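Working notes for the structure below.
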Amino acid sequence: MTPQKRSTSIGSFDFDADSEKLKQILYKALARIGAKDEGNKCAKELSQKLADLYIRTPDQLKAALDDSDVIRDVKHAGIRGILLSAVRTELERREEKSAQRLALIKSVKPKKELNKPLLRWFEVARADFTQLSDIDHVFQTFRARLFLKLRIPKGALDNDLVKDFEGFPFDEDGRPTSRPSARWYLNQIDFPNGRNIKIIETEVTATKNDLLLIMEVEGEFFERFELQNFPFDAQDLTITVSMNCANE
């Protein structure tokens, strides 16, 4: 037994779909003139008669109605009188809907791809204790005032970094651009081992091509004291600085 090859024609599927669209137009036209009850049967019969005239799609029917020679055959197939007028109306409505869909597609702007987060480099230009007090070995805390200066190399040349905007930026579609300003980065500075932090000064300034992020704070900080040789211990007092801008 010889196996037979089976092939599928994509074009035939499109043709069948267009034939069904033609049948729907005929059904709507029949419903428009009050023949809805027998609409399905009549639409099927009319579409078959049109198929005998090689009219199998809505576009072919419209072309036939616009042709003074072919329209006589169409009328002979049963599309005449008020039904002919109803068919023309349905074809016009179909064209209007197609035009509206096309206009809508053209009006929709393609969305831009989302920006990938950039890797920003911050150099510590200066970090000084300007005041130190209330060292408490019982509660393991100390109070301090810290002056911090960070540098972004060539940051003054970046149009996003120099913007005077503290919020996180979004594009016109409401999507994050992942391009915040230097001021936004400055506001993300945090002190994980501190509490009751008071911000005394913040400033973003340019020096040549670089941007400087300046912050002065004071508050209470936690430190794990090593008291093996108390009261003669030498303690390292630490202030931990972080920036809350992870993208994961």
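No value in this document is a laboratory result; all are computed from the given coordinates. Predicted, not measured: the structure shown is a model, and the values here were computed from it. With ideal geometry, Cβ positions are generated from the backbone for all residues, glycine too; neighbour counts draw on all protein chains shown.
Brief remarks on what is shown
- Working note: Debye formula, equal point scatterers on the alpha-carbon atoms of the chain, no solvent; log10 I(q)/I(0) at q = 0.09, 0.17 Å⁻¹ is -0.64, -1.18.
- Among ASN159, ASN229, ASN209: highest mean-square fluctuation, GNM of the chain, C-alpha pairs under 10 Å: ASN229
- Alpha-carbon centroid distance for the pair the stretch 113-179 / the stretch 80-99, whole angstrom: 66
- Neighbourhood charge, 15 Å Cβ-Cβ cut-off, centred on GLU201 and excluding it, Lys, Arg +1 and Asp, Glu -1: +1
- Note on GLU201 and LEU227: the model spin-label points, each 7 Å out from Cα along the C-beta direction, lie 3.7 nm apart.
- Charged neighbours of ILE71, selected by a Cβ distance under 13 Å, balance to +1 (K, R count +1; D, E count -1).
- Per-residue HN-Hα couplings for the stretch 217-222 [Karplus 6.51, -1.76, 1.60; θ = phi - 60°; Hz; x = Gly/Pro]: 9, 9, x, 9, 10, 9
- Cβ-defined net charge surrounding GLU226, 11 Å radius [Lys, Arg +1; Asp, Glu -1]: -2
- Interatomic Cα distance distribution for the stretch 123-243, bins of 5 angstrom, percent: 2, 10, 18, 18, 14, 12, 9, 7, 5, 3, 1, 0, 0
- Mean separation of Cα contacts under 8 Å (6+ apart) over length of the chain, as relative contact order %: 14
- Under 5 Å, built H, 5+ apart or other chain: amide partners of ALA125: LYS149, LEU150, ARG151
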